[in-house]
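The values are calculated or read from the model by the stated rules, or taken from the named source; none is laboratory data. Only a predicted model underlies this, so the values are computations on that prediction, with no experimental measurement involved. In this analysis, Cβ positions are derived from the backbone assuming ideal geometry, glycine residues included, and neighbour counts consider all displayed protein chains. Side chains are part of the model used for accessible areas, which takes the heavy atoms of the whole protein and leaves out ligands, DNA and RNA. Shrake-Rupley method; radii C 1.70, N 1.55, O 1.52, S 1.80 Å.
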Amino acid sequence: NLINKLDISVKSLRKTGSEYAKAYTDYRVALAEELMILKEEGYAITLAGDISRGKPEIAKLKFKEISSEAIYKANQESINALKLQIKIIQEQINKEWTNNE
């Protein structure tokens with residue numbers, strides 16, 4: 001049962017990893033485009049960064065990136081927890097076999 005759950009989590013990690021990568025890319029591209037627009041309008045690049053990140057559409061993309069990263073990392077932790085559970089059960093089985101000999 002745990003191995004099946006681990007397999008499902010690994011498959012899910014692929015999906016959440018791709019979603020995180022896409023969210024990160026979408027944010028970075030939109031931010032870069034906005035920075036170029038503000039730079040062309042004459043804003044200092046340091047000021048343009050703050051203005052860009054404060055725009056609702058850019059902020060929403062950043063939120064999506066952060067959320068996607070959190071889900072991806074939670075999925076990694078779930079995998080690690082399942083691996084630990086499997087290891088504990090393996091050790092219990094090994095102890096039982098050793099004691100029966």
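Observations on the structure shown:
- Accessible area per residue for the chain, computed on protein heavy atoms with a 1.4 Å probe, is 75 Å².
- Element breakdown for the chain at a 1.4 angstrom probe: carbon and sulfur atoms account for 57% of the accessible area.
- Rounded tilt (10° steps) of 45-54 against the dominant C-alpha axis of the chain: 60
- The alpha-carbon of Lys5 sits under 26 angstrom from the alpha-carbons of these lysines, leaving out residues fewer than 8 places away in its chain: Lys15, Lys22, Lys73, Lys83, Lys87, Lys95.
- Restricting the GluC sites (Glu not before Pro) of region 1-64 to loop positions (DSSP other than H, G, I, E, B) with no more than 11 neighbouring Cβ atoms within 10 Å leaves Glu41.
- Cβ-based net charge around Leu31, under 13 Å, with every Lys or Arg adding one and every Asp or Glu removing one: +1
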